[in-house]
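The values are calculated or read from the model by the stated rules, or taken from the named source; none is laboratory data. Keep in mind that what you see is a predicted model, and the values were worked out from it rather than measured. Every residue, glycine as well, gets a Cβ built from its backbone with ideal geometry; the counts of neighbours run over all protein chains shown. Note: areas computed on protein heavy atoms with side chains; ligands, DNA, RNA excluded. Shrake-Rupley method; radii C 1.70, N 1.55, O 1.52, S 1.80 Å.
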Amino acid sequence: MESFLNINNIFFTFLGYQMSYIEFFGTIFNIWSVWLVAKNKILNWPIGLIGTVLFTALFWQIHLYSDFLEQIYYFVTGIWGWWVWSQSNKSNKKDNTEKDITVLKRNVQLLWLLVITIGTVILGYVTSHLSIWLPIYFPTTASFAYLDAFTTVVSFVATILLIRKKLDAWYLWILIDIIGIWLYWVKGVHFVSLLYVVFLILATKGLLNWLSIRNKNK
């Protein structure tokens, strides 16, 4: 199992790019999860948990520490989201309805923007100093500490909004995906970068699907 989670354990080589087992299967499970959530399917949560475990190990090995911490957060919220959607489904079956997809009010949007700003500054500072404070566990200085922190904090917010079925979540995911395409390409995990291209397409599809569901419910 340890060798499977090692980024140096190569699954195959394509056009000179060495694909590790952990990058390949982590990517597959995460694509599958996003495709399911775009379709408003509860199965996205358990599938996403598997992808999260694999990416936790991946990001620690390539020194994207904010992303590493983000995956731990995803694991916790994945369990939470699975439970919330399960309870919602039970309730909906009783009254034959579907939980409404809604949009945040302007003042709440501004509050979340403040949370993102403060969270980025704090997390960026912490991750940029992890190699100083805990050199045994984080031997290399964090890459793109504040940009990585920004996408991580936005992901935190987007996940909470997704669990609550807020349409705003998809706009945040689209922003994250655009940044992720560039960031992971620069870091040399090109397959993950291409994954974010797929994520961008799926996030756009998810936005359109949820808009359609919301309009139908109205």
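The value of relative contact order for region 35-78, using C-alpha pairs under 8 Å at least six residues apart, is 36 percent. Region 102-130 and region 17-38 have Cα centres separated by 27 Å.
Length available on full extension from Phe191 to Asn6: 0.36 nm per residue minus the Cα-Cα distance, which gives 65.0 nm. Pairs with C-alpha atoms separated by more than 19 Å, drawn from the list Lys41/Lys90; Lys105/Lys205; Lys90/Lys216; Lys105/Lys165, are Lys105/Lys205; Lys90/Lys216. By accessible area, using a 1.4 Å probe on protein heavy atoms only, region 170-218 has 70% of its surface on carbon and sulfur. Counted by Cβ distance under 14 Å from Asn44, the other residues give a net charge of +4, where Lys and Arg count +1 and Asp and Glu count -1. Of the listed values (1) 53, 38, 27; (2) 58, 41, 30; (3) 63, 45, 20, identify the label whose number matches Cα extents along the principal axes in Å calculated from this model. Entry (1). Packing, as the average of other Cβ atoms within 10 Å across residues, places the peptides 4-14, 68-78 in the order 68-78, 4-14, highest first. When only Cα pairs below 8 angstrom with a gap of at least 6 residues are kept, region 1-151 shows a relative contact order of 18 percent. Comparing Val126, Val186, Val103 in a Gaussian network model of the chain, where Cα atoms under 10 Å apart are tied by springs, the biggest mean-square fluctuation is seen for Val186.
Applying 1/(1 + (r/R0)^6) with r as the Cβ-Cβ distance of Arg164 and Phe75 and R0 = 25 angstrom yields a FRET efficiency of 0.85. Near Asp148, once Lys and Arg are set to +1 and Asp and Glu to -1 for all other residues with Cβ below 15 Å from its Cβ, the sum equals -2.
Comparing Thr52, Thr204, Thr159 in a Gaussian network model of the chain, where Cα atoms under 10 Å apart are tied by springs, the biggest mean-square fluctuation is seen for Thr204.
Solvent exposure of the chain amounts to 53 Å² per residue of accessible area, where only protein heavy atoms count and the probe is 1.4 Å. Largest GNM mean-square fluctuation among Tyr171, Tyr146, Tyr17, using the chain with Cα springs under 10 Å: Tyr17. Computed in the context of the full set of protein chains, the accessible area of region 1-45 at 1.4 Å probe radius has 65% of its extent on carbon or sulfur.
For Thr127, neighbours were defined as the other residues whose beta-carbon sits under 11 Å from its Cβ, and their charges (Lys and Arg +1, Asp and Glu -1) total -3.
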